[in-house]
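Asks: What follows is a single structure, and I will ask about it in a moment.
The values are calculated or read from the model by the stated rules, or taken from the named source; none is laboratory data. From a predicted model like this one, the values you see are computed outputs, not experimental measurements. For neighbour counting, all protein chains shown are included, and Cβ atoms are generated from backbone atoms with ideal geometry for every residue, glycine included.
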Number of protein chains: 2
Amino acid sequence: MADDAYRSAVIDLLGALAYGELTAFERLAEDAAFAPTIADKAALAAMAVAEYNHFALLRARLEILGAVAEDAMEPFTAALEAFHERTAPSGWLEGLVKAYVGDGIATDFYREVSAYLDDSTRDLVLAVLEDTGHSAFAVDRVRAAIAAEPRQAGRLALWGRRIVGEALSQAQRVAAERDALAALLVGGVAHRGADLAEVGRMFARLTDNHTRRMAALGLSA
Amino acid sequence: MADDAYRSAVIDLLGALAYGELTAFERLAEDAAFAPTIADKAALAAMAVAEYNHFALLRARLEILGAVAEDAMEPFTAALEAFHERTAPSGWLEGLVKAYVGDGIATDFYREVSAYLDDSTRDLVLAVLEDTGHSAFAVDRVRAAIAAEPRQAGRLALWGRRIVGEALSQAQRVAAERDALAALLVGGVAHRGADLAEVGRMFARLTDNHTRRMAALGLSA
């Protein structure tokens, strides 16, 4: 953390992750309101609580690093709010697909970035990226709904594509605005990051994983 | 718990409380979306998590009593959903007033009922009724908002009255439908409950406390 540019990049990264967890909490809690049964409602509420606990861990680390957590999150609120406004689910299934596909690609991205972090920061990032049980839950419920009503698959496939499109467009916006964070990724900070060819391969991996997730839901990517 | 009527009444009571905590979780999480700052958003999310933890305690006790938690909650979902639909806040301040005034009167009511419970159930009920910090938070934010813009006081006072009116009307509906629960309150179960004169005094206490809460917010009841 002696390197100022690296410290700035880490604070950016933890701030973005923290606000992401806080909005994930809110979004899962909203989805709970759509749940068709009390048991599903309670299951989503439990996942929302797990996201909040991740948020609290990230906030604590930001404070240990001497950052004001709210200030660290602030630069990322606009992009995250814009993403959620443009992808407001109109019901239970859209909410499940959004969380599975959107969190999936975000998680993959942060995991890739974690390769360029010091051990202590990487351990924290990997811990808060741990699946809260939502993936298996979403796959189960979405597959069952499509089996019961196959014509839903087309609409949900389009919806999944929209989620990824919006996620990439907001990620681009953040990368353009936050130099330290972008530099961490592309090797500008003490040569820790990837070169551009590696960034290209990373995007290929993100896309492959996305296709796999859509297939797990029974949807074409 | 050897007395079947008493056991039914306790399962009803814990079921109603559990679903109340689960909807309190959802509602506080929704209010977090209205929060004017990230710090306020995080504070409301923490309170929502505390409500979820209360819900989990009640669900565990229902299971210890041999009840299916979802079945125990089911009879109370309609009244609670109707209450929340009819009192959907249109913004941050209405959400704070609703939670403070609505949870306040519900908490007072459950505290009164707890006098007629066995020690173990009473300890659990009092534990889950513990204030999650929301009251001080709501009083602080609402008083500050009224100080900044005094003409808001009239609208919020009307809103507080509407909350109590809807809460009483849904409570009446539940009492009419759930004999065991009503009997617990008015002395029908093994003479544990209150007589009608005591019920009258209880309502007077609930009303007094409500007036005190409205005054704490800087509003007329």
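Asks: Can you tell me which residue in the range A:166-194 is surrounded by the most Cβ atoms within 10 Å (Cβ to Cβ), limited to those that are modelled with pLDDT under 80 and not aliphatic (A, V, I, L, M)?
Replies: Here the residue is A:GLY193.
Asks: Collect the residues in the range B:124-144 that are without any contact (Cβ under 8 Å) to a residue 12 or more places away in the chain and over 17 Å from the mean Cα position of the chain (by Cα), keeping them in residue-number order.
Replies: Of everything in the range B:124-144, those that are without any contact (Cβ under 8 Å) to a residue 12 or more places away in the chain and over 17 Å from the mean Cα position of the chain (by Cα) turn out to be B:ASP140, B:ALA144.
Listed here are the residues, each with its yes/no results for (1) basic (Lys, Arg); (2) buried (at least 21 other Cβ atoms within 10 Å of the Cβ); (3) farther than 18 Å from B:ALA216 by Cβ; (4) touching a Phe, Trp or Tyr at 6+ places or on another chain (Cβ under 9 Å).
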| position | (1), (2), (3), (4) |
| --- | --- |
| B:GLY91 | no, no, yes, yes |
| B:LEU96 | no, yes, no, yes |
| B:GLY104 | no, yes, no, no |
| B:GLU112 | no, no, yes, no |
| B:ASP118 | no, no, yes, yes |
| B:VAL142 | no, yes, no, yes |
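Asks: State all residues of the range B:37-50 that are in contact with a Lys or Arg (Cβ under 9 Å, 6 or more places away or on another chain) and either touching a residue at least 40 places away in the same chain (Cβ under 8 Å) or not in a helix (DSSP H, G or I) (or both); if no residue qualifies, say none.
Replies: Passing the criteria: only B:ASP40.
Asks: Out of the residues in the range B:39-91 that are among the basic types (Lys, Arg) and under 17 Å from B:ALA18 (Cβ atoms), which is nearest to the other protein chains (Cβ to nearest Cβ)? Before the answer, list the steps.
Replies: First pass over the range B:39-91, keeping only residues among the basic types (Lys, Arg): B:41, B:59, B:61, B:86.
Those left that are additionally under 17 Å from B:ALA18 (Cβ atoms): B:59, B:61.
On the way: B:ARG59: 7, B:ARG61: 15 Å.
Taking the candidates together, the pick is B:ARG59.
Asks: Output the residues belonging to the range A:26-38 that are closer than 17 Å to B:GLY20 by Cβ and within 7 Å of chain B (Cβ to nearest Cβ). Spell out how you get there, then give the answer.
Replies: Taking the range A:26-38 as the starting set, the residues that turn out to be closer than 17 Å to B:GLY20 by Cβ are A:29, A:32-33, A:35, A:38.
Of everything in the range A:26-38, those that are closer than 17 Å to B:GLY20 by Cβ and within 7 Å of chain B (Cβ to nearest Cβ) turn out to be A:ALA29, A:ALA32, A:ALA33, A:ILE38.
Asks: Name the residue that is nearest to B:MET47 (Cα to Cα), counting only residues in the range B:110-128 that are out of contact with any Leu (no Cβ under 8 Å at 6 or more places or on another chain) and not aliphatic (A, V, I, L, M).
Replies: By that ranking, first place goes to B:ASP123.
Asks: Same structure, new question: Mind telling me which of the residues B:VAL10, B:VAL68 ends up being touching a residue at least 12 places away in the same chain (Cβ under 8 Å) and under 26 Å from B:ALA183 (Cα atoms)?
Replies: Numbers: B:VAL68 fails: touching a residue at least 12 places away in the same chain (Cβ under 8 Å).
Answer to the check: B:VAL10.
Asks: So, one more: Give me the residue from the range A:101-156 that is in a helix (DSSP H, G or I) and of a type in the set (Asp, Glu) and, out of that set, farthest from A:ALA32 (Cα to Cα).
Replies: Taking the range A:101-156 first, the residues in a helix (DSSP H, G or I) are A:101-114, A:119-128, A:134-148, A:152-156.
Now drop any that are not of a type in the set (Asp, Glu), which leaves A:103, A:108, A:112, A:119, A:123, A:140.
On the way: A:ASP103: 17, A:ASP108: 25, A:GLU112: 30, A:ASP119: 36, A:ASP123: 30, A:ASP140: 16 Å.
Per the criteria, the residue is A:ASP119.
Asks: If you don't mind, there's one more thing I want to ask. Search the range B:145-156 for residues that are closer than 13 Å to B:GLY91 by Cβ and pair each with any residue that is in a loop (DSSP other than H, G, I, E, B) when their beta-carbon atoms are under 6 Å apart and the residues are at least 6 apart or on different chains.
Replies: Going by the 6 Å Cβ cut-off, the qualifying pairs are B:LEU156/B:LEU219.
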